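The next block holds one structure in the form of structure tokens; read it before the comments.
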Amino acid sequence: MYEEQQRPDDGGRHGPLAGFTVGVTAARRADELGALLQRRGAAVLHAPALRIVPLADDGELLAATKEIIDQAPDVVVATTAIGFRGWIEAADGWGFGEQLLERLRNVELLARGPKVKGAVRAAGLTEEWSPSSESMAEVLDRLLEEGVDGRRIAVQLHGEPLPGFVESLRAAGAEVLPVPVYRWMPPEDLGPVDRLLDAVVSRSVDALTFTSAPAAASLISRAEDRGLRDDLLAALGHDVVPACVGPVTALPLQAAGVDTIQPERFRLGPLVQLLCRELPTRARALPVAGHRVEIRGHAVLVDGDLKPVPPAGMSLLRALSRRPGWVVARSELLRALPGAGRDEHAVETAMARLRTALGSPKLIQTVVKRGYRLALDPAADTKYGDE
């Protein structure tokens, strides 16, 4: 687990995510996702939106395991590698490991994807089939095409009921036995997730990543508890990019009316690559005082050089960039500063720090008794002057 926020360490090379802040909600593999993002230049804000509770001592899992041993199902569907391994380990702990494995050797065993297939084979078993898409929808289609009426199907759940999967099998006449190997619970320490929520609502992050549906549902639930649900959904709908590892993960957000981006392959690497393409397209690039200025989340690229800028400075720069080349009054800039009060001297102080951070004072011009303006190049005045 890394600190709540880590800045990138790219050895002086600016990756495609340099200047952007990405929120990570994952409980599992968060370190791996964070490292992938940081290697591409992003600053990472991590707060697990849930925690995984193994059910080794849970009576529900024990009962399901005994039922499978006593009466073998026709089909067993393994949905996650960590869940399948946890199930076998729990059965070993209860002294039922060999009996469970013997049952699983004699049933139609379906594995949702390559990682689950690996866990199945590591247990000395062989899957009968695994979909190339890693999609539960494809697993469901295969079962329904085979015909499930009167068949007993055990389904290893991955933290919460699979949306529509169990219901569709039962509607087609199957007897479904859920195997709840672990559950998702809210994090014990809500401080980090609350700080992440605040950062999303204040637009201090540029993208928010989700690797499981329960994490998305948990974050929305926590926002609702704090009276921030509408603010969260508004931020994710307009300014903060919600990036999900796949369509199942996106379901809670879609149900709340939030459109998400997803990679074609449901993996962490493609998810990061998608952000590398998406976020730079949202940066504002302007020709200013003979320089190319690209305004990103927490930093500015000036002729390709990364210039970290304090939050107050970024607020001023965004206010100026909304009307590039036009004079913006001090009073308006004061309103853009978070918690600045009524003293316009705060604008002057923040502006001095912004110019220092940019390393080129001529990018922003002072217009005496009126305010400030971005020194937009003359050739660009027509293009931007009517905005």
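The values are calculated or read from the model by the stated rules, or taken from the named source; none is laboratory data. These figures come from a predicted structure and were not determined experimentally. Glycine also receives a Cβ, built like all others from the backbone with ideal geometry; neighbour counts cover every protein chain displayed. Side chains are part of the model used for accessible areas, which takes the heavy atoms of the whole protein and leaves out ligands, DNA and RNA. Shrake-Rupley method; radii C 1.70, N 1.55, O 1.52, S 1.80 Å.
Side notes on the structure shown:
- Hey, D194 open to solvent by less than 40 Å² (accessible area, probe 1.4 Å) and closer than 20 Å to D259 by Cβ or not: no
- Condition check for P311: surrounded by fewer than 16 Cβ atoms within 10 Å (Cβ to Cβ) and within 30 Å of S135 (Cβ to Cβ): no
- Taken together, the criteria place A78 among residues that are among the aliphatic types (A, V, I, L, M) and touching a residue at least 60 places away in the same chain (Cβ under 8 Å).
- Selected residue (only one of L177, L197, L169 is under 18 Å from the mean Cα position of the chain (by Cα) and not acidic (D, E)): L197
- Of all residues in segment 28-54, exactly one satisfies the criterion of being in contact with a Gly (Cβ under 8 Å, 6 or more places away or on another chain), open to solvent by less than 80 Å² (accessible area, probe 1.4 Å) and closer than 14 Å to L157 by Cβ, namely I52.
- Residues located in segment 141-177, provided they are open to solvent by 50 Å² or more (accessible area, probe 1.4 Å) and within 20 Å of T249 (Cα to Cα): D141, E160, P161, P163, E167
- The number of residues in segment 126-138 being of a type outside the set (D, E) and either open to solvent by 40 Å² or more (accessible area, probe 1.4 Å) or in contact with a strand residue (DSSP E or B) (Cβ under 6 Å, 6 or more places away or on another chain) (or both) comes to 6.
- Conditions (1) within 22 Å of R28 (Cα to Cα); (2) open to solvent by less than 10 Å² (accessible area, probe 1.4 Å): number failed by F266: (2)
- Unmet requirement for M185, which otherwise passes all of (1) in contact (Cβ under 8 Å) with a residue 60 or more places away in the chain; (2) touching a helix residue (DSSP H, G or I) at 6+ places or on another chain (Cβ under 7 Å); (3) open to solvent by 60 Å² or more (accessible area, probe 1.4 Å): (2)
- Breaking point among (1) touching a residue at least 60 places away in the same chain (Cβ under 8 Å); (2) closer than 30 Å to A90 by Cβ; (3) out of contact with any strand residue (DSSP E or B) (no Cβ under 6 Å at 6 or more places or on another chain), for L157: (3)
- Looking only at segment 69-109, and only at residues there that are touching a Lys or Arg at 6+ places or on another chain (Cβ under 6 Å) and among the hydrophobic types (A, V, I, L, M, F, W, C), the one that is farthest from S130 (Cα to Cα): I69
- Boolean, A289 is small (G, A, S), open to solvent by 30 Å² or more (accessible area, probe 1.4 Å) and in contact with an Asp or Glu (Cβ under 9 Å, 6 or more places away or on another chain): yes
- Of all residues in segment 219-243, none satisfies the criterion of being in contact with a strand residue (DSSP E or B) (Cβ under 7 Å, 6 or more places away or on another chain) and of a type in the set (S, T, N, Q).
- Residue match in segment 338-357 (condition: within 30 Å of P242 (Cβ to Cβ) and open to solvent by 80 Å² or more (accessible area, probe 1.4 Å)): yes
- So R222, is it crowded, with 19+ Cβ neighbours inside 10 Å, closer than 19 Å to A26 by Cα and among the charged types (D, E, K, R): yes
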